[in-house]
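J.: Here it is, the structure, as structure tokens.
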Amino acid sequence: MFRTILFMQWTWARNLLLVGTLAAFAIPVVSAHTGDLTSVAGFTVRTYLENLQTIGTAYPILAGVLGLLLAMTAWGPDHRGRHVYALTLPLPRWKYALLRYAAGLTLLALPVLALWIAALIASAGVRLPVGLSTYPTALATRFALAAVVAYSAFSAISAGTSRTAAYLLGALVILLVAQLTLSLANTGLDVVSPAFDAIFIWPGPLAVFSGRWMLIDV
Amino acid sequence: MSSRVVLALACALAASPAAAQNLPRLEKMWKDAAKASARVDSSARVSARSDLDTVRAGNLVVLASSSLAPLAQQIASAGWERLQGTFGNQILASRHRPLIAAFYQSQNGPPPYGFPPDVTPIPVAPGAVGARMLVPQTLMLLGDVVRKDFDSQLEHWLRGGVRTDPAEHPSPELFEDLVTSPSPLARACFVGGLDACGSALGLVAPRDAATEWYDAPGRRALVRNLFRDSRDAATFDACVERAIDAACVSLLRGRDSVYVSPPLIFASRELVVRMALQMGGPEAFHRLLASAGKPMGYRLELTSGVTLDSLLLRWHQAVVSSRPMPVDVTADIGWVALGWGLAFGGLVLGSSRWRS
């Protein structure tokens with residue numbers, strides 16, 4: 001049963017997944033450039049790290065986008081088909097959901113693996129000055145964790161009813177309207193920042209997305 | 001009537017005996033008004049000061065309204081301990097006036113009218129209950145007051161106050177600066193060259209900063225960041241476009257050239273001074289001030305009570321130990337991310353297809 005569901009999700013998501021896997025492979029290779037940094041001036045090292053930091057923002061974005069796309073392609077066809085396929089299977093709902101969720105996680109391994117291999121290749125190809133190190137495995141681990149969190153969060157929304165999604169969207173709109181009203185009333189109160197901090201600062205759900213994402217750093 | 005005629009008439013009137021009689025009267029009125037204003041200001045200050053509680057710890061005085069008094073008590077005790085730990089007996093001496101800080105409730109605005117003018121005003125955000133953030137803020141502002149004791153040589157070398165945090169745990173920014181500095185001296189310092197550390201910190205005054213602190217690519221990069229002055233355009237182009245080092249040197253030459261930034265940021269110098277003060281005991285700051293005019297390296301030896309090499313070795317160890325964690329994947333972050341993943345996964349399993 002798992003193999004069938006995995007194959008179905010692969011069929012639905014393969015094009016997007018291949019693009020995502022290619023992007024995951026390309027980012028470390030392109031960002032690191034293969035070359036010899038030991039012979040260049042310090043100014044170049046500093047600029048090089050700044051460029052890496054800029055490009056590093058692509059990692060969490062890619063992890064989030066991959067999580068979103070895989071969750072949407074896993075659950076979208078069920079919603080469109082009014083769940084007829086799921087109802088025809090001799091499975092309880094939780095088991096069916098578990099199979100779908102696990103199949104998505106399995107597919108997520110592809111871009112993670114691609115990023116890890118690319119990071120290892122890029123690290124092996126660059127000669128660094130003293131004080132700088134490469135972090136291919138740590139970067140790939142973090143990417144995997146971020147992709148799992150994003151995929152799980154978007155799956156929870158996609159697998160649920162439209163009402164769940166509406167509640168979430170409504171909460172977001174209420175927060176933004178409240179902030180706008182407070183700002184217009186010149187109260188000096190800020191409700192968005194604490195909410196943002198609760199989400200993106202440890203132990204918030206998206207804390208793994210925050211911070212520096214560097215393949216090469218001090 | 002032309003403006004010249006009006007001006008001539010005004011001058012004639014001012015010079016007339018009537019106007020001359022009015023001048024002393026106007027001057028008296030002006031002086032009386034100034035006195036009255038001063039009296040109002042003074043009584044407002046007295047009134048504002050009498051409304052403030054006084055908390056004293058050592059030579060540190062904290063003025064605060066009754067609502068902020070408990071906070072002031074905490075900050076005075078913790079703050080004085082750290083101030084004395086860094087500046088020692090110098091700020092306890094009777095000739096040194098007390099360090100006075102005064103708290104007032106505000107997000108970040110100026111102190112209220114009538115607030116004592118001879119104190120260091122420190123805004124306390126409404127709702128701030130803990131001393132955690134206020135202690136560093138208070139100490140930083142009081143550090144600026146102590147900075148007034150610095151001689152010109154120390155002030156010029158340091159370009160800022162001395163912090164009071166323990167020197168063993170510096171900011172990771174110093175490590176980043178050390179390994180990414182454009183100067184070859186910084187890289188030699190990073191791998192353990194103490195002489196290079198001394199030069200990179202500016203403890204050995206350079207005869208020509210451009211050639212002693214930087215190599216040819218570094219000088220070229222320094223010039224590239226300068227404004228292309230039309231008077232030196234040909235030299236500028238020779239340096240940047242054709243990589244002629246002599247052109248770069250001629251643009252940057254000079255012992256105190258403003259174009260040549262030091263190999264390490266000033267925070268690195270601050271750390272070495274703080275380390276010397278904290279190692280040197282209660283009289284260290286006094287020795288530092290008393291040795292004005294001597295070379296900076298010698299002054300720091302006197303301050304710390306150890307040789308310059310020992311001091312630089314400890315500085316190097318502290319900076320290297322502050323290496324930041326570039327890819328932050330600690331066990332805490334990993335477990336929490338997995339936990340959230342499982343929690344969201346649990347929501348997936350509990351989802352229903354029956355409601356729309």
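The values are calculated or read from the model by the stated rules, or taken from the named source; none is laboratory data. Note that the structure is predicted; figures quoted are calculated from it, not measured. All Cβ positions, even for glycine, are placed from backbone atoms using ideal geometry, and neighbour counts span all protein chains on display.
J.: Looking for something facing chain B (nearest Cβ under 7 Å), more than 30 Å from A:Thr47 (Cα to Cα) and surrounded by 13 or more Cβ atoms within 10 Å (Cβ to Cβ) - is there at least one such residue anywhere in region A:99-111?
T.: Going through region A:99-111, the residues facing chain B (nearest Cβ under 7 Å) turn out to be A:101.
Keeping just the survivors that are more than 30 Å from A:Thr47 (Cα to Cα) gives A:101.
Imposing the further condition that a residue be surrounded by 13 or more Cβ atoms within 10 Å (Cβ to Cβ) reduces the set to A:101.
Looking through region A:99-111, at least one residue is facing chain B (nearest Cβ under 7 Å), more than 30 Å from A:Thr47 (Cα to Cα) and surrounded by 13 or more Cβ atoms within 10 Å (Cβ to Cβ).
J.: Shifting gears a bit: Out of A:Val177, A:Val208, which single residue is within 21 Å of B:Met325 (Cα to Cα) and in a helix (DSSP H, G or I)?
T.: Values: A:Val177 fails: within 21 Å of B:Met325 (Cα to Cα).
Residue meeting the stated conditions: A:Val208.
J.: If you take the residues of region B:252-293 that are β-branched (Val, Ile, Thr) and not in a helix (DSSP H, G or I), which of them is modelled with the highest pLDDT? Quick ask: steps written out before the conclusion?
T.: Within region B:252-293, the first condition is being β-branched (Val, Ile, Thr), and the residues that meet it are B:258, B:260, B:265, B:272-273.
Next, only the ones that are not in a helix (DSSP H, G or I) stay: B:258, B:260, B:265.
Numbers: B:Val258: 67, B:Val260: 83, B:Ile265: 93.
Among those that are β-branched (Val, Ile, Thr) and not in a helix (DSSP H, G or I), it is B:Ile265.
J.: Here's a follow-up. Please go through region B:114-167 and pick out each residue that is under 11 Å from the mean Cα position of the chain (by Cα) and assigned to a loop (DSSP other than H, G, I, E, B).
T.: Answer for region B:114-167, where residues must be under 11 Å from the mean Cα position of the chain (by Cα) and assigned to a loop (DSSP other than H, G, I, E, B): B:Arg159, B:Gly160, B:Gly161, B:Val162, B:Arg163.
Quick grid of which residues meet (1) of a type outside the set (A, V, I, L, M, F, W, C); (2) surrounded by fewer than 17 Cβ atoms within 10 Å (Cβ to Cβ); (3) in contact with an Asp or Glu (Cβ under 9 Å, 6 or more places away or on another chain):
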{"residue": "A:Ala114", "(1), (2), (3)": "no, no, no"}
{"residue": "A:Ser123", "(1), (2), (3)": "yes, no, no"}
{"residue": "A:Gly160", "(1), (2), (3)": "yes, no, no"}
{"residue": "A:Ala166", "(1), (2), (3)": "no, yes, no"}
{"residue": "A:Val177", "(1), (2), (3)": "no, yes, no"}
{"residue": "A:Pro194", "(1), (2), (3)": "yes, yes, no"}
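J.: Another question, if that's okay. Output the residue which, of all residues in region A:125-155 that are more than 7 Å from every other protein chain (Cβ to nearest Cβ) and of a type in the set (Phe, Trp, Tyr), is surrounded by the fewest Cβ atoms within 10 Å (Cβ to Cβ).
T.: Taking the candidates together, the pick is A:Phe154.
J.: In region A:71-88, which residue that is within 25 Å of A:Leu16 (Cβ to Cβ) and away from chain B (no Cβ under 12 Å) is surrounded by the fewest Cβ atoms within 10 Å (Cβ to Cβ)?
T.: A:Arg80
J.: Another one. Just to be sure before I move on: is B:Glu283 away from every other protein chain (no Cβ under 11 Å), touching a residue at least 60 places away in the same chain (Cβ under 8 Å) and either in contact with a Phe, Trp or Tyr (Cβ under 7 Å, 6 or more places away or on another chain) or exposed (fewer than 15 other Cβ atoms within 10 Å of the Cβ) (or both) in the structure I sent? Don't jump to the end; show me each part of the working.
T.: Values: away from every other protein chain (no Cβ under 11 Å): yes; touching a residue at least 60 places away in the same chain (Cβ under 8 Å): yes; either in contact with a Phe, Trp or Tyr (Cβ under 7 Å, 6 or more places away or on another chain) or exposed (fewer than 15 other Cβ atoms within 10 Å of the Cβ) (or both): yes.
It is true that B:Glu283 is away from every other protein chain (no Cβ under 11 Å), touching a residue at least 60 places away in the same chain (Cβ under 8 Å) and either in contact with a Phe, Trp or Tyr (Cβ under 7 Å, 6 or more places away or on another chain) or exposed (fewer than 15 other Cβ atoms within 10 Å of the Cβ) (or both).
J.: Of everything in region A:66-104, what is without any contact (Cβ under 8 Å) to a residue 60 or more places away in the chain and under 20 Å from A:Ala146 (Cβ atoms)? Give them in sequence order.
T.: Scanning region A:66-104 gives A:Leu69, A:Tyr101.
J.: Here's a follow-up. Taking B:Asp177, is it of a type in the set (Asp, Glu), in a loop (DSSP other than H, G, I, E, B) and either crowded, with 17+ Cβ neighbours inside 10 Å or out of contact with any Ser or Thr (no Cβ under 8 Å at 6 or more places or on another chain) (or both)?
T.: Numbers: of a type in the set (Asp, Glu): yes; in a loop (DSSP other than H, G, I, E, B): no; either crowded, with 17+ Cβ neighbours inside 10 Å or out of contact with any Ser or Thr (no Cβ under 8 Å at 6 or more places or on another chain) (or both): yes.
Against the criterion (of a type in the set (Asp, Glu), in a loop (DSSP other than H, G, I, E, B) and either crowded, with 17+ Cβ neighbours inside 10 Å or out of contact with any Ser or Thr (no Cβ under 8 Å at 6 or more places or on another chain) (or both)), B:Asp177 does not qualify.
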